[in-house]
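The values are calculated or read from the model by the stated rules, or taken from the named source; none is laboratory data. Please read all numbers here as calculations on a predicted model, not as lab measurements. Because the Cβ atoms are built from the backbone with ideal geometry, glycine has one as well, and the counts that use them run over all protein chains shown. Ligands, DNA and RNA are excluded from the accessible area calculation, which covers all protein heavy atoms including side chains. Shrake-Rupley method; radii C 1.70, N 1.55, O 1.52, S 1.80 Å.
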Amino acid sequence: MNGVLLLTGMSLSLGAKLAALAYLTLVYSRSKRRSALLFGLTFLFASIQVLGDMIEVDWLSAITEALMASTFFYASIHLVEEEFSTPAPVRNYLATTPFILIAYFLIAGYLDPSPSWLATIGVAYAVSGLFLVFSGGLTWSLLRIYPGTVRLLSISTVLYGLHEMDYPLLRPVQWFAPIGFLISALLTVLIAYAMVAFVRSERFLSLSINVNTKDEQYAIQPGITFMPPEHYGVFVSNMAEFPALAFVRNPHAVPKEWQSYLLSNTPTAGSISPTNLPKITELINVYLHSLKERGAHGVVVLDGIEYLLIYNSFETIIKFLNNVRDIAMLHGGTVVVSTDRKVWDERQWALLDRLMD
């Protein structure tokens, strides 16, 4: 076995994973997106897995490999949920499969040491690889939202998963071991690079280098404001270059620089249910917080309040807008609600108007 090649592959893999872990930790501290934290845990477990290989402790490598695959799968699910292409909740529980499987085989091997490596730990490695393939498929569903970064992340994850699945079969082949680990290391570097490129995108961070330009020109104030439809078109034109966060009924009618979500009962990528007001509130909080961390003031646009009223009571809408207003005031951001005064009765409008005080 070529020990130098093997050590080179291990070192390259460990360095890439630690670098990705450090950057994802930084991204989470700025954006507060839980998916960044979960992907960071993935690279933490992956780093420990490499250390297990270096010191030749099979059980440590197996456990952390399973934890890495489980966390990566769960993180992918959570990422898709954040972007509102929401999978069935039961799929969250599937993420524990590799870890449960490896724990079972380790206990079985302890009770009966006679079973072969392939029949126990090897199978668990194969299952972990399969879940990495599933994770790559999940991230691919975000291709329309992240056309510039998600393709490489998805493909590299699938390839890494496939390579993990061949590990139990090729492990006994001595001459292939260093080559296989080097392939694994190169794929790890590719995944780490793709992950860093993905999480540093403006869409993920809700950041932009030009955040102050239009904000200052338009002189918008923190809090919430209701804007009549006849003024809304001019507002959109004036804010075209600002990376606003928008919840709309027609995502094609907003500037490409905006981070927009479709208010719809149809579960598609980039859509959010009109009844999922807590998720809208969470997104607004993350977005405004991330810009405040950069010393900027965010702008949130809600063009579809009447649509929300169809699926929620007025009392629910008022509570939602009160929460949103408090978040905007806390982070120095502005929430612009496009609506026609004639839609509301006098009592309703009086309560809405009070929110602007």
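General observations
- Residue list for the stretch 1-31, restricted to those being out of contact with any Pro (no Cβ under 7 Å at 6 or more places or on another chain), within 12 Å of residue 182 (Cα to Cα) and either open to solvent by 70 Å² or more (accessible area, probe 1.4 Å) or modelled with pLDDT under 85 (or both): 3, 4, 7, 8, 10, 11, 12, 13
- Count - residues of the stretch 262-289 that are crowded, with 22+ Cβ neighbours inside 10 Å and not hydrophobic (A, V, I, L, M, F, W, C): 1
- Complete set of residues in the stretch 142-184 that are aromatic (Phe, Trp, Tyr) and either open to solvent by 30 Å² or more (accessible area, probe 1.4 Å) or assigned to a helix (DSSP H, G or I) (or both): 160, 167, 175, 176, 181
The rows are residues; the columns are (1) modelled with pLDDT under 75; (2) open to solvent by 20 Å² or more (accessible area, probe 1.4 Å); (3) farther than 30 Å from residue 73 by Cα; (4) touching a helix residue (DSSP H, G or I) at 6+ places or on another chain (Cβ under 7 Å).
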| site | (1), (2), (3), (4) |
| --- | --- |
| 186 | no, yes, no, no |
| 196 | no, yes, no, yes |
| 209 | yes, yes, yes, no |
| 224 | no, no, yes, yes |
| 253 | no, yes, yes, no |
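- Selection within the stretch 32-53 - open to solvent by 70 Å² or more (accessible area, probe 1.4 Å) and either within 16 Å of residue 180 (Cβ to Cβ) or of a type outside the set (D, E, K, R) (or both): 37, 51
- The residues in the stretch 54-65 that are within 23 Å of the chain's Cα centre (by Cα) and either surrounded by fewer than 21 Cβ atoms within 10 Å (Cβ to Cβ) or without any contact (Cβ under 8 Å) to a residue 24 or more places away in the chain (or both) can be counted, and the count is 1.
- All conditions in (1) at pLDDT below 90; (2) under 24 Å from residue 254 (Cα atoms); (3) of a type in the set (Gly, Ala, Ser) hold for residue 295, with the sole exception of (2).
- Counting only residues that are open to solvent by 70 Å² or more (accessible area, probe 1.4 Å) and touching a residue at least 24 places away in the same chain (Cβ under 8 Å), the stretch 226-237 holds 0 of them.
- Search result, residues across the stretch 238-251 that are out of contact with any Phe, Trp or Tyr (no Cβ under 6 Å at 6 or more places or on another chain), in a loop (DSSP other than H, G, I, E, B) and open to solvent by less than 40 Å² (accessible area, probe 1.4 Å): 239, 240, 242, 243
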